[in-house]
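*Asks:* The following block contains the structure, expressed as structure tokens.
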Amino acid sequence: MISPSTFKHSVTERFLRYVVIDTQSDPSSPTCPSTPKQKDLGRVLAAELKEMGAVDAHLDEHGYVYATIPANTTKKVPVICFCSHMDTSPDCTGRNVKPQIVRNYRGGDIVLPADPAQVIRAAEHPALADQIGNDIITTDGTTLLGADNKAGLAEIMDAAQFFIQNPQLKHGTIKILFTPDEEIGRGVDKVDLKKLGAEFAYTIDGETAGHIEDETFSADGATITIEGVSTHPGFAKGKMEHAIKIAAAIVDRLPKDTCSPETTEGKQGFLHPIAISGALEQATLGFIVRDFTDDGLKQKEELLEAIVKDVMKDYPRSTYRMEIREQYRNMKQVIDRHPETVDYAVEAIRRSGLEPVRGSIRGGTDGSRLSFMGLPCPNVFAGEHAFHSRLEWVSAQDMEKAVQTIVHLAMIWEERA
Ligand SMILES: [Zn+2]
């Protein structure tokens with residue numbers, strides 16, 4: 001057991017340095033990284049890794065940071081990787097972040113100093129109740145904080161330094177990977193898994209301390225293209241079949257009380273229109289389909305097609321085309337073949353003095369894509385809360401727990417090898 005006091009302060013000090021570097025990503029940019037400023041942080045991280053003695057620490061031309069902490073054991077241990085993303089969400093500005101620390105939180109609401117309209121209310125943020133006595137880091141209320149995912153960066157960096165300074169703690173080869181553009185869904189587009197050379201990975205990008213997630217949605221996109229029958233509106237009686245009206249009828253017949261984002265939670269999936277465009281002759285409907293199982297996805301796609309067919313009965317001379325595109329798959333399909341990845345993380349969380357909680361993510365992560373690219377990759381907590389907003393916060397103590405969890409995790413892989 002490593003004494004918790006070992007990890008005091010340094011992770012927070014790192015975190016405060018990283019959040020003031022603006023790394024907002026931009027979905028409209030075609031480049032990688034989407035914004036060159038993400039490399040500003042990448043350069044800092046690569047230099048710090050080099051300075052602490054990590055091997056081959058570098059920032060590549062696409063904005064990825066790679067580094068290695070060599071094994072210090074004679075055992076043959078699988079190579080594991082810890083991964084976090086450097087960018088922050090395009091939904092909320094990340095320029096001029098001014099972090100504030102509420103020391104020894106006594107409960108109640110936290111009013112952010114530069115904009116008193118921004119209040120982290122205890123009633124709306126129940127996780128605050130577990131933070132009594134902790135030091136809570138917020139913004140001044142004018143920007144997001146970027147704990148998503150700079151808490152993860154700081155935690156991995158701190159764990160790396162800890163291993164290098166404590167060679168008596170045995171571990172296999174540890175790889176470090178920091179990615180750009182996760183928030184715009186492109187975080188693993190240019191990752192070089194061959195160069196990384198890891199067998200198992202963990203994203204450190206989860207919310208509440210103690211949580212580990214090994215399940216994500218499975219996701220498809222569906223496009224329905226409707227060809228109507230166009231005629232001059234003055235001479236259309238009995239002839240015209242309006243593609244816009246057909247599309248509208250399809251949307252109208254979607255289930256009202258189930259199967260939508262606004263009516264589902266937990267393990268329930270949904271069918272969700274995200275785009276509609278068209279004219280008299282042709283209209284296009286875009287959907288996203290989400291579920292935790294392939295069967296669930298299929299059912300929803302069949303339901304959608306049944307609705308379309310039923311609507312088309314009223315328009316006998318019009319036609320439709322439905323295309324399904326796979327987006328990503330529930331990482332559990334891959335991770336279940338390697339249950340030790342989760343079991344060891346659960347044990348590491350317990351050794352850090354927390355109650356492990358296994359959960360699922362109603363969305364995708366870099367880890368879901370990495371898992372299907374051959375690198376099984378569950379998600380471990382980083383302590384970030386209310387991300388993508390000006391009310392974002394993280395506690396110093398939760399970050400210290402995450403550092404401990406990373407350290408224990410690497411040691412457990414060595415122990416069990
Ligand atoms: Zn994140």
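The values are calculated or read from the model by the stated rules, or taken from the named source; none is laboratory data. Treat the numbers as computed from the prediction; the structure is a model and nothing was measured. FYI the Cβ positions are ideal-geometry reconstructions off the backbone, even for glycines, and counts take in every protein chain you see. The protein model used for the area step is the full one, side chains on, heavy atoms only, and it has no ligands, DNA or RNA in it. Shrake-Rupley method; radii C 1.70, N 1.55, O 1.52, S 1.80 Å.
*Asks:* Please compute the length gained on full extension between Ala417 and Asp336, using 0.36 nm multiplied by the number of residues separating them and subtracting their Cα-Cα distance.
*Replies:* Result for the pair: 27.3 nm of gain on full extension.
*Asks:* A further question on this structure: With a 1.4 Å probe and every protein chain kept in, tell me what percent of the accessible surface of region 165-260 is carbon plus sulfur.
*Replies:* So the carbon and sulfur contribution to the accessible surface is 52 percent.
*Asks:* Mean shadow of region 12-126, computed from the convex hull of its alpha carbons, in nm²?
*Replies:* Here the figure is 11.1 nm², rounded to one decimal.
*Asks:* Of the residues Val188, Val65, Val311, which exhibits the maximal mean-square fluctuation in a Gaussian network model of the chain defined by a 10 Å Cα contact cut-off?
*Replies:* Val311
*Asks:* Quick one: Kirkwood hydrodynamic radius for region 167-233, alpha-carbon pairs, angstrom, one decimal?
*Replies:* Result for region 167-233 stands at 17.3 Å.
*Asks:* Next up: In a Gaussian network model over the chain where Cα atoms closer than 10 Å are linked, find which of Ile80, Ile176, Ile276 has the largest mean-square fluctuation.
*Replies:* Result for the chain, Cα springs under 10 Å: Ile276 fluctuates most.
*Asks:* Right, next: For the chain, what does the relative contact order come out to in percent, with C-alpha contacts under 8 Å and a separation of six or more?
*Replies:* Contact order relative to length: 24 percent.
*Asks:* Which angle between 0 and 90 degrees, to the nearest 10, do you get for helix 243-252 versus the longest principal axis of the chain when only C-alpha atoms count?
*Replies:* Taking Cα atoms only, the helix is inclined about 60 degrees.
*Asks:* Kirkwood Rh over alpha-carbon pairs of region 328-417, then Stokes-Einstein at 20 °C and 1.002 mPa s: what D in µm² s⁻¹, rounded to an integer?
*Replies:* Answer, rounded: 150 µm²/s.
*Asks:* Restricting things to alpha carbons, tell me how big region 86-193 is in terms of Rg and Dmax, in Å.
*Replies:* So, for region 86-193, Rg and Dmax equal 17.5, 51 Å respectively.
*Asks:* Here's something else I'd like to know. In the calculated pair distance distribution of region 132-257, what percentage of Cα-Cα distances lie above 21 Å?
*Replies:* So the pairs more than 21 Å apart make up 68 percent of the total in region 132-257.
*Asks:* Between Ile132 and Lys313, what is the FRET efficiency for a Förster distance of 51 Å, r being their Cβ-Cβ separation, to the nearest 0.05?
*Replies:* Step by step, r from the Cβ atoms, then E = 0.25.
*Asks:* What's the whole-number percent of alpha carbon pairs in region 260-377 lying beyond 24 angstrom?
*Replies:* 45
*Asks:* Next question. Between Thr23, Thr173, Thr264, where does the largest GNM mean-square fluctuation fall for the chain, given springs only between Cα atoms within less than 10 Å?
*Replies:* Highest fluctuation among the options: Thr264.
*Asks:* Now, a different point. Stretch Asn72-Val357 to full length: gain in nm at 0.36 nm per residue minus the Cα-Cα span?
*Replies:* 99.5 nm
*Asks:* Any idea what the alpha-carbon Rg over 2.2 N^0.38 Å comes to for the chain?
*Replies:* The reported ratio for this selection is 1.11.
*Asks:* Moving on. Using helices alone, I'd like the mean residue ellipticity at 222 nm for the chain: each DSSP H run of four-plus residues gives -39500 (n - 2.57), total over residue count, nearest 500.
*Replies:* -9000 deg cm²/dmol
*Asks:* Before I look further, what does region 122-181 give for accessible area per residue, probe 1.4 Å, in whole square angstrom?
*Replies:* Each residue of region 122-181 exposes 27 Å² on average to a 1.4 Å probe.
*Asks:* Oh, and also: Quick one: pull the percent of accessible area on region 65-147 belonging to carbon and sulfur, 1.4 Å probe, ligands and nucleic acids left out.
*Replies:* Its accessible area is 50 percent carbon and sulfur atoms.
*Asks:* At 4 °C and 1.567 mPa s, grab the translational diffusion coefficient of region 117-164 from Stokes-Einstein with a Kirkwood Rh over Cα pairs, rounded to a whole number in µm² per second.
*Replies:* So the translational diffusion coefficient is about 99 µm²/s.
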